[in-house]
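The values are calculated or read from the model by the stated rules, or taken from the named source; none is laboratory data. Keep in mind the model is a prediction, meaning the values are calculated, not measured. Don't worry about glycine lacking a Cβ; one is built from the backbone with ideal geometry, like all the others, and counts go over all protein chains shown. These area figures cover heavy atoms from the full protein model, side chains too; ligands, DNA and RNA do not enter into them. Shrake-Rupley method; radii C 1.70, N 1.55, O 1.52, S 1.80 Å.
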Amino acid sequence: MEALLSTTYINPNLLWVVTGTAGLAAISALIGTFTYLQKKSLLSDAVAHGMLPGIAGAFLLYGQKDPLILMLGALTWGFISVFSIDWISRNTLLRPTGAMAVVLSVYFGLGMMLLTRVQQSGLPDATGLQGFLFGQAASIVPYDLLIFLLFGVLALILLIANYRHLKWVSFDPEGAKSRGVRVDRYHHLLSILVVTGTAIGLQSIGLILMASLLITPAALARMWTNKLSNMLLLAAAFGAGSAIVGASISFIDAKMPTGPWIVLCLAGTLLVSAFFSPQKGWWKSYLQRKQNTAQIHRENLLKTMFHLKETGLNTVGESDILKKRHFGKLSKLLQELQKLQCIEKQEQGWVFTEIGLQEGRRLTRLHRLWELYLTRKLRLQTDHIHPLAESIEHIITPELEVALLKELGNPEVDPHMSIIPYDKPQTHD
Amino acid sequence: MTSWIYINAIIIGLSCSLAGVFLVIRHKAMLTDAISHAVLPGLVLAFLLTGSRNTSAMLTGAFVFGILCIVLIDWLRDRLRIADDASTGIVFTSLFALGIILVSRYAGQTDLDQECVLHGELLLSAFRRISFLGLNIPATFLTGTFTLLGVLIVLFAAYRPFLLTSFQPQYAATMGFSIAAWNYVVTGMASAVTVISFEAVGAILVIALMVVPAATAWIISKRLPELLWKTALISIAGSIVGVSYGIYANISIAGSIAFTLGVIFLITALIKKKIGAVSMKKHHQSAIHNQFSNNQ
């Protein structure tokens with residue numbers, strides 16, 4: 001932090017560049033959200049690599065590192081890459097992903113050839129071009145930033161103006177087509193956005209890792225929300241946040257390239273999200289599992305106590321229960337049930353409350369109904385059915401119970417000739 | 001000295017292209033992109049731990065990270081439900097970023113640098129010599145030959161499972177071949193050739209060597225043996241022309257090979273399209289002709 005502060009003092013550029021880079025990253029992340037939804041994430045990787053000949057070629061032709069010229073070169077070859085991928089996947093057996101691999105590697109090779117020419121050219125800016133490979137935020141000057149932001153804002157306006165249709169095409173292309181939306185037009189629009197969104201980040205993130213800024217924030221945002229508007233906001237925030245960290249590091253240590261740090265920052269956030277995201281996180285599913293297990297143990301205990309009550313034992317001690325069925329932490333389970341007002345403690349042991357009795361009866365009933373269903377309808381042997389019923393009794397819903405009762409005609413005994421307990425006496429037609 | 005550059009380029013090109021055939025026809029070409037990026041941290045770590053260019057250590061490092069990359073992609077896709085292509089993109093960019101940071105951080109201690117990672121040094125590969133069985137040969141030639149032999153042995157030994165799992169996965173599964181296991185074999189082979197080629201042509205151009213010859217041969221092949229030998233021929237042609245032009249024009253040789261392969265691909269696709277259109281027309285005409293002659 002001190003190092004960062006002292007750099008701010010030395011370099012008034014920092015605030016400008018960090019803010020600008022964050023803005024550009026946010027725009028790229030917004031565009032990436034739509035490519036993520038349309039499952040075209042890797043397009044940005046192919047396009048980014050494919051831009052190298054454009055950058056090197058523009059530099060060779062113009063002889064100076066002018067951001068506008070380089071930007072135009074990058075955009076041109078970005079579009080050529082998109083066109084090539086499209087042409088190859090239409091005219092050969094390769095699918096778009098195969099076409100991408102061909103295009104990105106061949107154009108990158110061409111770019112490398114031109115880059116060696118650039119190094120031999122002896123032009124004063126020649127070494128600065130290396131920054132485009134892995135990103136060098138520290139080398140950005142406000143004029144560069146202005147040009148990039150100009151294109152970024154243009155892309156943003158295009159995105160906002162077409163937001164409704166882009167959303168429609170992303171989620172329901174068939175529906176949109178049937179309502180007269182020209183879907184292919186919006187695919188082209190998305191290609192334009194991807195090329196622009198990739199090109200604006202080249203100097204700060206670098207073309208090798210640029211794809212990450214379009215892919216990862218979108219995937220991250222998707223882990224935290226189901227709503228497109230929230231997803232866009234979150235993706236932009238993740239993109240901007242990681243860009244701020246990456247750009248700052250490149251100011252602190254000039255040898256460090258910006259791009260890799262931004263990417264690692266995003267990867268770290270992804271790992272954290274994998275643990276804590278409300279929808280797919282490990283933490284959430286761990287809690288869920290734990291809750292389910294506890295619920296099943298409680299239900300098994302209630303059922304066991306109900307069985308004991310059937311044999312005439314109204315007040316039960318721990319030893320009575322353990323004779324019938326083993327429970328790991330019995331006294332803890334009993335206290336839990338007491339808290340839920342299912343059982344009460346008396347001097348000689350535990351007794352059911354009305355709630356607990358009803359619940360125990362319900363579980364026993366479900367178990368026996370299911371056993372009957374299995375023997376009657378699926379014709380299973382009576383000695384096979386107990387374990388199946390053990391697991392399903394925790395899952396059967398009241399609606400399913402009604403259906404079962406109707407299907408079996410309100411039966412009185414199960415296949416083992418045990419009485420099926422009802423809350424009130426059954427009336428038979 | 002120049003002839004060694006040609007020989008090294010041809011051997012590396014052959015290993016890569018033959019290892020890449022099965023990735024291309026399984027529509028997994030972008031996996032080469034992922035693997036070639038993802039092995040970088042493995043290489044750098046092996047480098048830092050052993051302190052030298054120890055080939056077996058680097059192979060191990062790269063192999064571990066190649067498999068790790070595949071495992072992580074599957075994990076992101078299956079457990080976190082991130083779309084398949086996005087998972088690929090996330091994993092390889094992250095691992096590559098880690099590798100680049102290691103390279104930048106320890107640039108002084110290794111003779112790997114950012115340049116080398118992208119370019120390779122095919123030109124220099126002719127000079128770094130070792131002696132083997134009393135012969136003074138370039139190290140790249142030795143490792144390259146062993147890799148090529150390894151790839152050929154795997155291809156011959158596992159020809160049938162490769163054929164079946166690639167073209168008729170369901171049938172292969174009923175025959176008892178594990179699709180997942182053979183996927184790992186294909187991926188492992190790809191990681192291995194990536195390592196050997198890494199030093200010579202760099203992380204990104206190795207994708208061209210692996211994907212483009214097979215993609216080109218696929219346009220003009222109908223059967224697997226045909227696909228394999230045409231891939232090999234195209235790869236050799238690309239290496240020879242690419243190296244010649246690279247040396248002649250004094251530019252990145254690896255880039256030149258990739259570009260040459262791209263040109264061969266484009267020409268093949270264009271010719272096929274033209275012939276395809278002509279033969280379609282002929283087919284159409286003869287079909288019409290037959291119809292008329294039948295009517296008479």
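Numbers at a glance
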read-out	value
For residue B:171: the one exception among (1) farther than 14 Å from residue B:8 by Cβ; (2) buried (at least 17 other Cβ atoms within 10 Å of the Cβ); (3) modelled with pLDDT of 80 or more	(2)
Some residue of segment B:203-213 being within 14 Å of chain A (Cβ to nearest Cβ) and over 25 Å from residue B:42 (Cα atoms)	yes
Index of the failed condition, residue A:355 passing every other in (1) open to solvent by less than 90 Å² (accessible area, probe 1.4 Å); (2) within 23 Å of residue A:325 (Cβ to Cβ)	(1)
Filter result for residue A:245 (free of Cβ contacts under 8 Å to residues at least 24 places away in the same chain and of a type in the set (Val, Ile, Thr))	yes
Condition check for residue B:60: open to solvent by 10 Å² or more (accessible area, probe 1.4 Å), assigned to a helix (DSSP H, G or I) and not basic (Lys, Arg)	yes
Qualifying position, being surrounded by fewer than 24 Cβ atoms within 10 Å (Cβ to Cβ) and either at pLDDT 90 or above or in the same structural domain as residue A:21 (by TED's automatic domain parsing) (or both), among A:207, A:214, A:154	A:154
Options A:189, A:114, A:159, A:133; residue that is farther than 17 Å from residue A:55 by Cα, of a type outside the set (D, E, K, R) and crowded, with 20+ Cβ neighbours inside 10 Å	A:159
Pair list, Cβ under 7 Å, 6 or more apart: segment A:387-412 residue on the phi < 0 side of the Ramachandran plot, other residue open to solvent by less than 40 Å² (accessible area, probe 1.4 Å) and part of a loop (DSSP other than H, G, I, E, B)	A:411/A:420; A:412/A:420
Top-ranked residue in segment B:251-276 [being more than 12 Å from residue B:212 (Cβ to Cβ) and within 7 Å of chain A (Cβ to nearest Cβ); ranked as surrounded by the fewest Cβ atoms within 10 Å (Cβ to Cβ)]	B:273
Residues satisfying the stated conditions in segment B:233-249, i.e. within 18 Å of the chain's Cα centre (by Cα) and surrounded by fewer than 23 Cβ atoms within 10 Å (Cβ to Cβ)	B:233, B:236, B:237, B:240
Test: residue in segment A:46-53 that is facing chain B (nearest Cβ under 7 Å), open to solvent by less than 10 Å² (accessible area, probe 1.4 Å) and not in a loop (DSSP other than H, G, I, E, B)	yes
Any chance residue B:90 is touching a helix residue (DSSP H, G or I) at 6+ places or on another chain (Cβ under 8 Å), within 11 Å of chain A (Cβ to nearest Cβ), outside any helix (DSSP H, G or I) and buried (at least 20 other Cβ atoms within 10 Å of the Cβ)	no
Enumeration of residues in segment A:259-284 that are assigned to a helix (DSSP H, G or I) and either open to solvent by 50 Å² or more (accessible area, probe 1.4 Å) or not assigned by TED's automatic domain parsing to the domain that holds residue A:209 (or both)	A:261, A:271, A:272, A:275, A:276, A:282, A:283, A:284
Which listed residue is open to solvent by 20 Å² or more (accessible area, probe 1.4 Å) and either assigned by TED's automatic domain parsing to the domain that holds residue A:140 or modelled with pLDDT under 90 (or both), from A:97, A:21	A:97
Meets criteria (β-branched (Val, Ile, Thr), out of contact with any Cys (no Cβ under 6 Å at 6 or more places or on another chain) and over 30 Å from residue B:265 (Cα atoms)) for residue A:147	yes
Search result, residues across segment A:226-255 that are open to solvent by less than 10 Å² (accessible area, probe 1.4 Å) and either touching a Phe, Trp or Tyr at 6+ places or on another chain (Cβ under 6 Å) or outside any helix (DSSP H, G or I) (or both)	A:246
The one condition in (1) within 8 Å of another protein chain (Cβ to nearest Cβ); (2) in a helix (DSSP H, G or I) that residue A:93 fails to fulfil	(2)
Lone unmet requirement of (1) out of contact with any Gly (no Cβ under 9 Å at 6 or more places or on another chain); (2) away from chain B (no Cβ under 14 Å); (3) within 25 Å of residue B:203 (Cα to Cα) for residue A:130	(2)
Lone qualifier among A:105, A:121, A:170 - being touching a residue at least 24 places away in the same chain (Cβ under 8 Å), surrounded by fewer than 18 Cβ atoms within 10 Å (Cβ to Cβ) and within 14 Å of chain B (Cβ to nearest Cβ)	A:121
Close pairs (7 angstrom Cβ cut-off, 6 or more residues apart or separate chains): assigned by TED's automatic domain parsing to the domain that holds residue A:208 and assigned to a helix (DSSP H, G or I) in segment A:65-88, open to solvent by 20 Å² or more (accessible area, probe 1.4 Å) and of a type in the set (S, T, N, Q) anywhere	A:82/A:191
Boolean, residue B:154 is of a type in the set (Val, Ile, Thr) and at pLDDT 85 or above	yes
Residue under evaluation residue B:10, criteria (1) open to solvent by 10 Å² or more (accessible area, probe 1.4 Å); (2) assigned to a helix (DSSP H, G or I); (3) farther than 18 Å from residue B:261 by Cα, criterion not met	(3)
Qualifying residue in segment A:300-321 (condition: free of Cβ contacts under 8 Å to residues at least 24 places away in the same chain and either within 38 Å of the chain's Cα centre (by Cα) or within 14 Å of chain B (Cβ to nearest Cβ) (or both))	no
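Conditions (1) touching a Pro at 6+ places or on another chain (Cβ under 8 Å); (2) among the aliphatic types (A, V, I, L, M), marked per residue:
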| site | (1), (2) |
| --- | --- |
| A:284 | yes, no |
| A:287 | no, yes |
| A:318 | no, no |
| A:322 | no, yes |
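Conditions (1) out of contact with any Ser or Thr (no Cβ under 7 Å at 6 or more places or on another chain); (2) within 12 Å of residue B:22 (Cβ to Cβ); (3) charged (D, E, K, R), marked per residue:
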| residue | (1), (2), (3) |
| --- | --- |
| B:168 | yes, no, no |
| B:179 | no, no, no |
| B:186 | yes, yes, no |
| B:203 | no, no, no |
